[in-house]
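The values are calculated or read from the model by the stated rules, or taken from the named source; none is laboratory data. All values derive from a computational prediction rather than experimental measurement. All Cβ positions, glycine included, derive from the backbone under ideal geometry; neighbour counts span all protein chains shown.
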């Protein structure tokens, strides 16, 4: 029984892993996303049966592609409507071959996956649709899993996916890696979608599996585009961030970097992240994701908060700001300034961006921490209260409530004294 | 190959970014003429035009077996199509590249929509097939 369960789990894992590869290749063969998805689903049904007795084949993705392709073509030949469609599909397939694309159809082609990612993350699709398509088609999540990740019903998510695929077909969103001239911008939007998936998982423990999905996607992007250091940078950024997750909360409350138990950080992830960052530094083609990864690498390198190389972090934020002159980067830089130049300098830097980030809880939290260090207790309390009002997650709100409580406790004896003297 | 509608909208009769002075008008015409020449040279241009405002529109419908006409546009809306191009393009990326040039020339946002079918219904040919 246990053996069956284990084999079943293994099959599910393989399905998820090969889904995107197989769908990507079959879209090229058949020229239609839904048709390719149905063919892969059909091959999975066959696989469940065959693999149970014969075991998982050495090249499962190749097996699925071949089976899906052969069964789909057989099915087309059998129906009249299918014969018509088959002729059209032959045209698609032969034009693909005509373009010098005459590879053996036996297995998945990594170029196909890249094409699919760029199609899913096309800027003509709204961002929710980009994210949903990427998770479903590239990530191999079931419709139900994607739906749960975005807190919508399965039928609502199915509709969303149908609408997105309809637009791809109707508007002829191309199935190809963008031309060199458009690549940097288009790659940025692909990487942002993956990072958004990661952060969606970071905000909510219920959706934590999105973080590993995003890391898996970034890992394949980095492998597929070895000449794009930003893809590697995104992978390193997420690995280094993920390495600290075990220490980031305690009893459902956020634990600040300063107070984290660093022995609970995941050393394997840190080592992999560090190796990627070092390779990026050697390559010397910096970009926003690589710089953010480098900042995380400096944090992960320190044995304690005090031992952190803060001047290095400020320098990296300066560099990052030259790529991304956003108030959020300025906020993080201001927090680092607090460690190199003290809370006074940090407060000046925070005041400069306060208006831009008035609705961002982390800006008010940073102000609260800085004001407390400067001994301005009432202003600090007001800032934490505003932050708690704006915070989106339970862990953040608990942390902020704790800060407010501490300020009140700190304040009590002094008020008592002043009462006594007056 | 597909065909796409690139349309500009007027909001309450005004096309945002439209030329206001004779000098602006001259520069605008120069840009549009150059753009259309480029479209012609590449076989992109199918048709284009500028429309009169919604006040010039008439709606025709059948009611009680007879044809009834009403003054005014079909949709009670602040936005109305002011003009459009119909272009040939291989795919959305190609259409969007032309849309970018149109936006530059007109200084006004445009909507890009693919045609589901074009030509006479009896021919029933999807665009470009």
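Evaluate the following for residue A:136: is it away from chain B (no Cβ under 14 Å) and at pLDDT below 95?
Judged against the criteria, residue A:136 is a match.
Look at residue A:103 and say whether it is more than 14 Å from every other protein chain (Cβ to nearest Cβ), modelled with pLDDT under 85 and at negative phi. Steps first, answer last, please.
Values: more than 14 Å from every other protein chain (Cβ to nearest Cβ): yes; modelled with pLDDT under 85: yes; at negative phi: yes.
Judged against the criteria, residue A:103 is a match.
Rundown of residues vs (1) within 20 Å of residue A:22 (Cα to Cα); (2) touching a helix residue (DSSP H, G or I) at 6+ places or on another chain (Cβ under 8 Å); (3) touching a residue at least 40 places away in the same chain (Cβ under 8 Å), yes/no style:
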residue	(1), (2), (3)
A:122	no, yes, yes
A:130	yes, yes, yes
A:133	yes, yes, no
A:178	no, yes, yes
A:197	no, yes, yes
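Within region A:124-141, track down each residue that is crowded, with 16+ Cβ neighbours inside 10 Å and assigned to a loop (DSSP other than H, G, I, E, B). Even if it seems obvious, please write down each step before you answer.
The first filter runs over region A:124-141 and keeps only residues crowded, with 16+ Cβ neighbours inside 10 Å, leaving A:125, A:129-141.
Result: A:125, A:139, A:140, A:141.
Looking only at region A:333-343, decide whether some residue is touching a residue at least 12 places away in the same chain (Cβ under 8 Å) and within 18 Å of residue A:277 (Cβ to Cβ).
yes
Has region B:60-74 got any residue that is surrounded by 15 or more Cβ atoms within 10 Å (Cβ to Cβ), in contact with a strand residue (DSSP E or B) (Cβ under 8 Å, 6 or more places away or on another chain) and more than 14 Å from chain A (Cβ to nearest Cβ)? I'd like the intermediate steps shown before the answer.
Kept after step one, since they are surrounded by 15 or more Cβ atoms within 10 Å (Cβ to Cβ), are these residues of region B:60-74: B:73.
Add one more test, that the residue is in contact with a strand residue (DSSP E or B) (Cβ under 8 Å, 6 or more places away or on another chain), and what stays is B:73.
Add one more test, that the residue is more than 14 Å from chain A (Cβ to nearest Cβ), and what stays is B:73.
Checking region B:60-74: at least one residue is surrounded by 15 or more Cβ atoms within 10 Å (Cβ to Cβ), in contact with a strand residue (DSSP E or B) (Cβ under 8 Å, 6 or more places away or on another chain) and more than 14 Å from chain A (Cβ to nearest Cβ).
Could you go through region A:246-262 and let me know if any residue there is free of Cβ contacts under 8 Å to residues at least 12 places away in the same chain, away from chain B (no Cβ under 14 Å) and at positive phi.
Yes, the conditions are met somewhere in region A:246-262.
Specify which of the listed residues (A:188, A:169, A:211) is more than 14 Å from every other protein chain (Cβ to nearest Cβ), closer than 29 Å to residue B:96 by Cβ and either in contact (Cβ under 8 Å) with a residue 12 or more places away in the chain or exposed (fewer than 15 other Cβ atoms within 10 Å of the Cβ) (or both).
Numbers: A:169 fails: more than 14 Å from every other protein chain (Cβ to nearest Cβ); A:211 fails: closer than 29 Å to residue B:96 by Cβ.
Step by step, each of A:188, A:169, A:211 is checked, and only A:188 is more than 14 Å from every other protein chain (Cβ to nearest Cβ), closer than 29 Å to residue B:96 by Cβ and either in contact (Cβ under 8 Å) with a residue 12 or more places away in the chain or exposed (fewer than 15 other Cβ atoms within 10 Å of the Cβ) (or both).
Would you check if residue A:45 is closer than 27 Å to residue A:120 by Cβ, modelled with pLDDT of 90 or more and out of contact with any helix residue (DSSP H, G or I) (no Cβ under 7 Å at 6 or more places or on another chain)?
Details: closer than 27 Å to residue A:120 by Cβ: yes; modelled with pLDDT of 90 or more: yes; out of contact with any helix residue (DSSP H, G or I) (no Cβ under 7 Å at 6 or more places or on another chain): yes.
Yes: the conditions hold for residue A:45.
Conditions (1) closer than 13 Å to residue B:5 by Cα; (2) assigned to a loop (DSSP other than H, G, I, E, B); (3) modelled with pLDDT of 90 or more; (4) within 14 Å of chain A (Cβ to nearest Cβ), marked per residue:
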position: B:39; (1), (2), (3), (4): no, no, yes, no
position: B:52; (1), (2), (3), (4): no, yes, yes, no
position: B:76; (1), (2), (3), (4): no, yes, no, no
position: B:86; (1), (2), (3), (4): yes, no, yes, no
position: B:100; (1), (2), (3), (4): no, no, yes, yes
position: B:105; (1), (2), (3), (4): no, no, yes, no
position: B:111; (1), (2), (3), (4): yes, no, yes, yes
position: B:122; (1), (2), (3), (4): no, yes, no, no
position: B:125; (1), (2), (3), (4): no, yes, no, yes
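Of all residues in region A:48-63, which are in contact (Cβ under 8 Å) with a residue 12 or more places away in the chain and surrounded by fewer than 22 Cβ atoms within 10 Å (Cβ to Cβ)?
Once the filter is applied, which keeps residues that are in contact (Cβ under 8 Å) with a residue 12 or more places away in the chain and surrounded by fewer than 22 Cβ atoms within 10 Å (Cβ to Cβ), region A:48-63 yields A:48, A:51, A:52, A:56, A:59, A:60, A:61, A:62.
Of everything in region B:75-105, what is in contact with a strand residue (DSSP E or B) (Cβ under 7 Å, 6 or more places away or on another chain) and either surrounded by fewer than 13 Cβ atoms within 10 Å (Cβ to Cβ) or more than 30 Å from residue A:119 (Cβ to Cβ) (or both)? Give them in sequence order.
B:78, B:79, B:80, B:82, B:83
Answer yes if at least one residue in region A:27-39 is at positive phi, in contact with a helix residue (DSSP H, G or I) (Cβ under 8 Å, 6 or more places away or on another chain) and surrounded by 17 or more Cβ atoms within 10 Å (Cβ to Cβ), and no otherwise.
Yes, region A:27-39 contains a residue that is at positive phi, in contact with a helix residue (DSSP H, G or I) (Cβ under 8 Å, 6 or more places away or on another chain) and surrounded by 17 or more Cβ atoms within 10 Å (Cβ to Cβ).
So residue A:274 fits all but one of (1) buried (at least 16 other Cβ atoms within 10 Å of the Cβ); (2) under 14 Å from residue A:230 (Cα atoms); what number is the exception?
Among (1) buried (at least 16 other Cβ atoms within 10 Å of the Cβ); (2) under 14 Å from residue A:230 (Cα atoms), the lone unmet condition for residue A:274 is (2).
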